[in-house]
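Bear in mind that the values in this text are calculations on the coordinates, not laboratory data. Keep in mind that this is a model prediction, so the values were computed, not measured. Using ideal geometry, Cβ is built from the backbone for each residue, glycine included, and neighbour counts are taken over all protein chains shown.
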Amino acid sequence: MAEVLERAVETLRNLPAELQDDLARILHQLAGHDQPVVPLTADERADLAEADAEIARGELATDADLRALWAKPVS
């Protein structure tokens, strides 16, 4: 295994299990392996419907909103 990949895997081992699973699915997708569809909860479907409605109304994040978001420290 490439050294950079080994370091990345070691870093991932220290993350919470749920986050490790999410990142593993992403790596599989990037490597070309299809993943099963993850069913959404009713709350998640409602959140997505509200996001779609906001987009339809033109309620999008501004450049300033995005800069503020990226400036926040990761906890």
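Once you put a point 7 Å from the Cα of VAL38 and another 7 Å from the Cα of GLU10, both along the Cβ direction, what distance in nm separates them?
About 2.8 nm, to one decimal.
Please give the net charge around ARG25, taking every other residue with its beta carbon less than 13 angstrom from that of ARG25, where Lys and Arg add +1 and Asp and Glu add -1.
-4
Where does helix 17-30 land angle-wise versus the long Cα axis of the chain, in degrees 0 to 90, nearest 10?
90
For helix 3-13, what angle does its Cα long axis make with the longest principal axis of the chain, in degrees from 0 to 90 and rounded to 10?
Computed tilt is about 60 degrees.
Convert each backbone phi in the stretch 34-48 into a coupling constant with the Karplus relation 6.51 cos²θ - 1.76 cosθ + 1.60 (shift: θ = phi - 60°), then list the ³J(HN,Hα) values in order as whole Hz, x for Gly and Pro.
Values, residue by residue: 5, 10, x, 5, 9, x, 8, 6, 4, 5, 5, 4, 5, 4, 5 Hz.
Please report, in Å, the Rg and the Dmax of the chain, where both are computed over Cα atoms only.
My reading of the Cα-based Rg and Dmax gives 17.3, 48 Å.
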